[in-house]
Amino acid sequence: MIDDTIVAVATAVGKSGVGIVRVSGKSAIHIVNKVFRSSSGKSLLDLRSNTINYGFVERENKIIDEVLVSLFRGPKSYTGEDVVEINCHGGPIPIKLTMELLLTFDCRLAEPGEFTRRAFLNGRIDLSQAEGIMDIISAKTDLSLDAATKQVLGKLSSMINELNESIISSLALIEATIDYPDEVFESIDVDTISNSLNDVINELNNLLLTAKTGKILRDGIKTTIVGKPNVGKSSLLNSLLEQQRAIVTDIPGTTRDILEEQISINGVPLVLVDTAGIRETDDVVERIGVERSKSAINESNLVLFVLDGSKEWEEYDQKILELIKGKKVIILINKLDLPQMMDINIIANKTGVENIINVSIEKNINLEELKNEIFSMYEISDIEDQTMNTMITNLRHEKAIKDAVKNLMEAIENIEAGMPLDIVAIDIKDAWENLGKVSGSSLNKNIVDEIFSRFCLGK
Ligand SMILES: Nc1nc2c(ncn2[C@@H]2O[C@H](COP(=O)(O)OP(=O)(O)OP(=O)(O)O)[C@@H](O)[C@H]2O)c(=O)[nH]1
Ligand SMILES: [Mg+2]
């Protein structure tokens with residue numbers, strides 16, 4: 001039973017139209033009532049649920065801020081408890097003073113994700129819905145948002161719950177046979193059970209097929225731009241971003257540190273990383289930049305290797321090629337507007353890379369082809385169609401479902417091999433438990449705590 005009251009700022013820090021202080025728990029209404037004077041003269045305790053009330057936050061009869069207070073009485077609230085939201089003016093000082101004042105009463109600062117954790121513990125939402133809420137907040141594109149919203153609306157949960165129901169039915173049949181071997185269930189129908197489990201496996205496998213695209217939508221494709229100094233890496237970042245974000249000059253070694261920006265290509269999020277040109281250098285700052293470029297390569301899903309087509313392939317191009325071995329790579333032979341010293345076929349032979357495009361970043365030649373290449377590489381051309389269906393976007397869900405499929409396959413194998421039914425029952429129970437991890441029903445407290453600790457403050 002949760003019996004303390006929590007408070008946090010629910011909006012981002014900085015200047016804005018409004019800043020919201022959120023209070024949830026048994027004493028939420030009582031506490032806010034002590035600091036809020038409504039213009040109607042009514043006590044917050046007497047006001048109806050789901051109302052917005054105009055008034056003032058006051059400390060010892062002195063006005064701190066003019067506010068709107070939203071009142072939600074539990075259980076029909078975000079957390080399932082009494083929730084009060086104070087809409088202050090969005091400056092840091094009114095919010096800070098209101099927070100300080102509230103904390104002089106019987107409440108404490110919320111931990112990250114604690115409001116949503118309470119919603120989960122009070123049965124308002126399950127874990128996958130809670131994770132979906134976080135994904136909505138950090139959605140990178142409209143399509144990512146779409147997938148997250150579906151998760152919050154419980155599409156994944158209800159599908160998983162249905163499959164778990166079916167697993168339970170099979171388990172019940174087996175358990176009955178174990179408990180009452182001489183009764184009606186004397187001869188268990190092996191085919192019925194394995195068919196039913198097979199249906200569940202098929203559905204889960206279909207769901208697993210969506211995981212690759214789902215993860216791309218949620219996390220984005222981390223794309224690192226590498227190459228020697230002066231080949232046009234920062235120009236590429238600027239061109240894809242359609243803004244002059246990175247400094248571009250004709251001096252080799254312009255970019256010293258890595259620069260990260262996000263773009264959307266037809267709804268697919270790309271996390272673009274511009275790096276310092278890789279070469280041997282005595283300059284300490286540049287050397288650190290080069291080291292950072294190398295670790296950015298390791299962390300990326302896709303590498304865009306930029307070459308200067310107006311120059312010949314040389315030692316540093318070769319060295320970079322070795323650094324990006326094993327990565328998904330697209331080579332861009334840049335500066336197509338200048339006389340060319342590189343031949344696309346020779347570069348293909350030299351590097352073994354299949355995806356090579358001649359471009360001029362400055363003159364915007366063939367950059368559309370680069371986008372198409374990324375699309376076909378990740379098989380995401382039909383991404384909008386895919387998002388119509390229920391998707392898995394979360395690694396944790398993917399693992400739980402994969403484990404459940406494994407358990408069910410073992411169960412079928414054992415049942416068909418005529419193994420004792422109590423052994424089969426163990427596999428089926430494991431499958432049920434693994435699927436339950438998606439909604440959080442079968443997770444222990446530590447794991448749940450760990451998941452919510454990754455949420456942001458005030459949510
Ligand atoms: N002719 C021509 N010049 C280009 C093209 N793309 C970039 N450049 C020029 O190449 C020079 C280097 O461009 P940057 O984008 O700064 O190169 P970089 O790879 O980021 O260089 P470092 O940050 O030093 O590693 C600039 O003078 C650009 O204007 C192109 O397509 N054609
Ligand atoms: Mg640069």
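The values are calculated or read from the model by the stated rules, or taken from the named source; none is laboratory data. Since the model is a prediction, treat every value here as computed from it, not as a measurement. Quick reminder, even Gly has a Cβ in these numbers, built from the backbone with ideal geometry, and neighbours come from all protein chains shown. The protein model used for the area step is the full one, side chains on, heavy atoms only, and it has no ligands, DNA or RNA in it. Shrake-Rupley method; radii C 1.70, N 1.55, O 1.52, S 1.80 Å.
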*Tell me, please, whether a residue that is of a type outside the set (S, T, N, Q) and under 28 Å from LEU421 (Cα atoms) can be found in the range 210-226.*
no
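Here is a yes/no grid of residues against (1) buried (at least 16 other Cβ atoms within 10 Å of the Cβ); (2) assigned to a helix (DSSP H, G or I):
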site	(1), (2)
GLU379	no, no
MET388	no, no
THR393	yes, no
LYS399	no, yes
VAL405	yes, yes
ALA411	yes, yes
ILE415	yes, yes
MET419	no, no
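Wholly within the range 188-264, which helices (runs of 4 or more DSSP H) include no fewer than the required count, namely at least 1 residues that are more than 12 Å from ALA276 (Cβ to Cβ), within 16 Å of ligand 1 (Cβ to nearest atom) and touching a residue at least 12 places away in the same chain (Cβ under 8 Å)? Quick ask: steps written out before the conclusion?
Numbers: elements: 190-209, 211-219, 233-241.
Helices (runs of 4 or more DSSP H) meeting the threshold: 233-241.
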*In the range 1-93, which strands (runs of 3 or more DSSP E) lie fully inside it and hold 1 or more residues that are without any contact (Cβ under 8 Å) to a residue 60 or more places away in the chain?*
36-38, 51-59, 62-72
*Give the range 432-459 a look and list any residue that's touching a helix residue (DSSP H, G or I) at 6+ places or on another chain (Cβ under 9 Å), in a loop (DSSP other than H, G, I, E, B) and without any contact (Cβ under 8 Å) to a residue 12 or more places away in the chain, or say none.*
SER442
_Among the residues of the range 339-355, are any surrounded by 14 or more Cβ atoms within 10 Å (Cβ to Cβ), touching a residue at least 40 places away in the same chain (Cβ under 8 Å), more than 22 Å from ALA276 (Cα to Cα) and more than 16 Å from ligand 1 (Cβ to nearest atom)?_
yes
*Mind counting the residues in the range 205-224 that are farther than 17 Å from VAL268 by Cβ and within 16 Å of ligand 2 (Cβ to nearest atom)?*
0
*Find the residue count for the range 247-276, including only residues that are open to solvent by less than 10 Å² (accessible area, probe 1.4 Å) and within 13 Å of ligand 2 (Cβ to nearest atom).*
5
*Out of (1) open to solvent by less than 70 Å² (accessible area, probe 1.4 Å); (2) within 13 Å of ligand 1 (Cβ to nearest atom), the odd one out for ARG292 is which?*
(1)
